[in-house]
1. Are any residues in region 19-37 within 26 Å of the chain's Cα centre (by Cα) and of a type in the set (Ser, Thr, Tyr), and if so, which ones?
2. Listed residues LEU92, LEU151, LEU175; which is touching a helix residue (DSSP H, G or I) at 6+ places or on another chain (Cβ under 7 Å) and assigned to a helix (DSSP H, G or I)?
3. Tell me the residue from ARG84, ARG75 that is part of a helix (DSSP H, G or I), closer than 20 Å to ARG200 by Cα, basic (Lys, Arg) and free of Cβ contacts under 8 Å to residues at least 24 places away in the same chain, please.
4. For region 30-61, which residues satisfy the criterion of being β-branched (Val, Ile, Thr) and part of a helix (DSSP H, G or I)?
5. Restricting to region 91-116, count the residues that are of a type outside the set (D, E, K, R) and touching a Ser or Thr at 6+ places or on another chain (Cβ under 8 Å).
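Nothing in this text is a laboratory measurement; each read-out follows from the coordinates by a stated rule. As the structure is a prediction and not an experimental result, all values here were calculated from the model. Positions of Cβ are generated from backbone atoms using ideal geometry, with glycine treated the same way; all protein chains shown enter the neighbour counts.
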Amino acid sequence: MVGRSDKRRAIIDGALAEFGRDGYARASMDAIAAGAGVSTRTIYAHFGNKAGLFEAVIQDSATRVADAQIAIIERHLGKIVDLRTDLEAFGLELTAPMTGFTDHFALVRHVDADLDHIPPAAIEAWQLAGPRRVVGTLATHLRRIANHGLLTLGVPGEDADPTAAAELAATHLMLLVQGAVPFHHGIGARDEADRDRIVRAGVHTFLHGHTPQPPKR
């Protein structure tokens, strides 16, 4: 007998594939039910409506992707040996194609293209579970590195909130290493050499703006 949690998992997995293929507006609840091997009545019993299902799907999927991306952050920035080298290694792995999450990134690309039709609660759930959590984790590491004197965060001469300054620096680093492809798209650069060039240039620019300057004599 299939348990309630197993049915919920099957529905979420089936809905992720369907939403990733057709987007929110065009995805069929009948097709989702057929793919999950359940009735539409069962889906409504678990999630209330299509908007509730979509929110649960994107939050669940974003959490799993963010877990993988946070593991990359921890692996490269948990202990700094050489800051430039470690940042480059982090950027190279972060921007590599994440082939294990194809349906999630297809779904995100639909979200970007169809933003006006997506329930705002679903967008907020995705951001909190995924991109914001990744940036927040990176910000925590950058703040720790800055506390060891290897980085300076915030604008010189401004008394910025340390948490806000770290989050802004983390956002800058993400933008610089990813080039033209947002990290939450998961498709990486077109080839390894191109990715290497983008990441190294991004880290160079980041360090140029965030390396502590020696005191003026």
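1. TYR24
2. Testing whether each residue is touching a helix residue (DSSP H, G or I) at 6+ places or on another chain (Cβ under 7 Å) and assigned to a helix (DSSP H, G or I) leaves just LEU92.
3. The unique qualifying residue is ARG75.
4. Answer for region 30-61, where residues must be β-branched (Val, Ile, Thr) and part of a helix (DSSP H, G or I): ILE32, THR40, THR42, ILE43, VAL57, ILE58.
5. Matching residues across region 91-116 total 3.
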